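Asker: Could you have a look at this structure, given as structure tokens, before my questions?
The values are calculated or read from the model by the stated rules, or taken from the named source; none is laboratory data. Fair warning: this is a prediction, and the values are worked out from it, not measured in the lab. Note that each Cβ is placed from the backbone with ideal geometry, even for glycine, and that neighbours are counted across all protein chains shown.
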Amino acid sequence: MTVAHFGFTKLVVHDLDRQAGFYGTVFGLTEMARVSAAVNERAIDEIIYQPTATGGATFVLWKWRDRDDAPGDGVILGFQVESADATVAGAIAAGGTIVETPRDQPDYGVRVGFVADPEGNLIEIVQITGAWAAQQPG
């Protein structure tokens with residue numbers, strides 16, 4: 001079996017529209033499609049976002065219509081950004097909370113911080129710096 005590439009991440013959420021506003025505002029994600037369907041006869045709604053880079057994976061917000069709860073610790077999302085500090089500030093302004101202030105990790109060539117979205121999902125914010133930046137494609 002051959003896998004062409006990693007295709008998508010789906011985040012199960014409680015409030016689809018609120019979460020869409022948060023991720024669109026903070027990370028500049030652009031909606032590609034909204035889908036209403038069923039999985040094993042359970043109704044779902046989802047928002048599929050355009051990849052942030054050519055050939056990149058898509059990000060999807062997923063809502064079970066028959067459930068009001070959503071797990072808050074089942075996944076850690078990671079976004080590579082130009083400025084960790086500015087992104088964390090934007091996340092807080094958009095209704096997120098700070099989990100860990102961005103800090104430099106010079107051994108790895110990154111600056112990393114953590115925030116939680118309005119439903120408590122953990123997001124790792126990574127700014128490439130130093131030696132690692134030279135290894136990145138593009």
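Asker: So, in region 43-57, how many residues would count as being polar (S, T, N, Q) and within 17 Å of VAL26 (Cα to Cα)?
Answerer: 2
Asker: Also, I was wondering about something else. Cβ contacts < 7 Å: first residue free of Cβ contacts under 8 Å to residues at least 60 places away in the same chain, restricted to region 17-32; second residue surrounded by fewer than 14 Cβ atoms within 10 Å (Cβ to Cβ), any location; separation 6+ or different chain. Result?
Answerer: Listed pairs, sorted by first residue: THR30/GLN50; MET32/GLN50.
Asker: Cβ-Cβ under 6 Å, sequence separation 6+ or interchain: first residue in region 33-59 and farther than 20 Å from GLN80 by Cβ and touching a residue at least 12 places away in the same chain (Cβ under 8 Å), partner in a strand (DSSP E or B) and charged (D, E, K, R). Which pairs?
Answerer: If the second residue must be in a strand (DSSP E or B) and charged (D, E, K, R), the pairs left are VAL35/GLU46; ASP45/LYS63; ILE47/GLU31; ILE47/ARG34.
Asker: Counting only residues that are in a strand (DSSP E or B) and surrounded by fewer than 12 Cβ atoms within 10 Å (Cβ to Cβ), how many does region 9-34 have?
Answerer: 1
Asker: Under 24 Å from ILE128 (Cα atoms), surrounded by 18 or more Cβ atoms within 10 Å (Cβ to Cβ) and of a type outside the set (Gly, Ala, Ser): is that true of PRO51 in this structure?
Answerer: So PRO51 fails the test.
Asker: Quick check on region 1-35: of everything there that is of a type in the set (Phe, Trp, Tyr) and modelled with pLDDT of 95 or more, which residue is farthest from ARG67 (Cα to Cα)?
Answerer: PHE27
Asker: Can I ask one more? Take region 117-128 and flag every residue that is in contact with a Gly (Cβ under 7 Å, 6 or more places away or on another chain) and either touching a residue at least 60 places away in the same chain (Cβ under 8 Å) or in a strand (DSSP E or B) (or both).
Answerer: Passing the criteria: ASP117, PRO118, GLU119, ASN121, GLU124, ILE125, VAL126, ILE128.
Asker: Which of the residues belonging to region 82-99 are exposed (fewer than 13 other Cβ atoms within 10 Å of the Cβ) and among the charged types (D, E, K, R)?
Answerer: Of everything in region 82-99, just one residue is exposed (fewer than 13 other Cβ atoms within 10 Å of the Cβ) and among the charged types (D, E, K, R), namely GLU82.
Asker: For THR54, indicate whether it is within 11 Å of the chain's Cα centre (by Cα) and hydroxyl-bearing (Ser, Thr, Tyr).
Answerer: No: the conditions fail for THR54.
Residue by residue, here is whether (1) touching a residue at least 40 places away in the same chain (Cβ under 8 Å); (2) in contact with a Ser or Thr (Cβ under 9 Å, 6 or more places away or on another chain); (3) assigned to a strand (DSSP E or B) holds:
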position: PHE79; (1), (2), (3): yes, yes, yes
position: ALA91; (1), (2), (3): yes, yes, no
position: ASP104; (1), (2), (3): no, yes, yes
position: VAL112; (1), (2), (3): no, no, yes
position: VAL115; (1), (2), (3): no, yes, yes
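Asker: In addition: Given the conditions (1) in contact (Cβ under 8 Å) with a residue 60 or more places away in the chain; (2) farther than 20 Å from VAL35 by Cβ, and given that VAL75 satisfies all but one, which numbered condition is not satisfied?
Answerer: (2)
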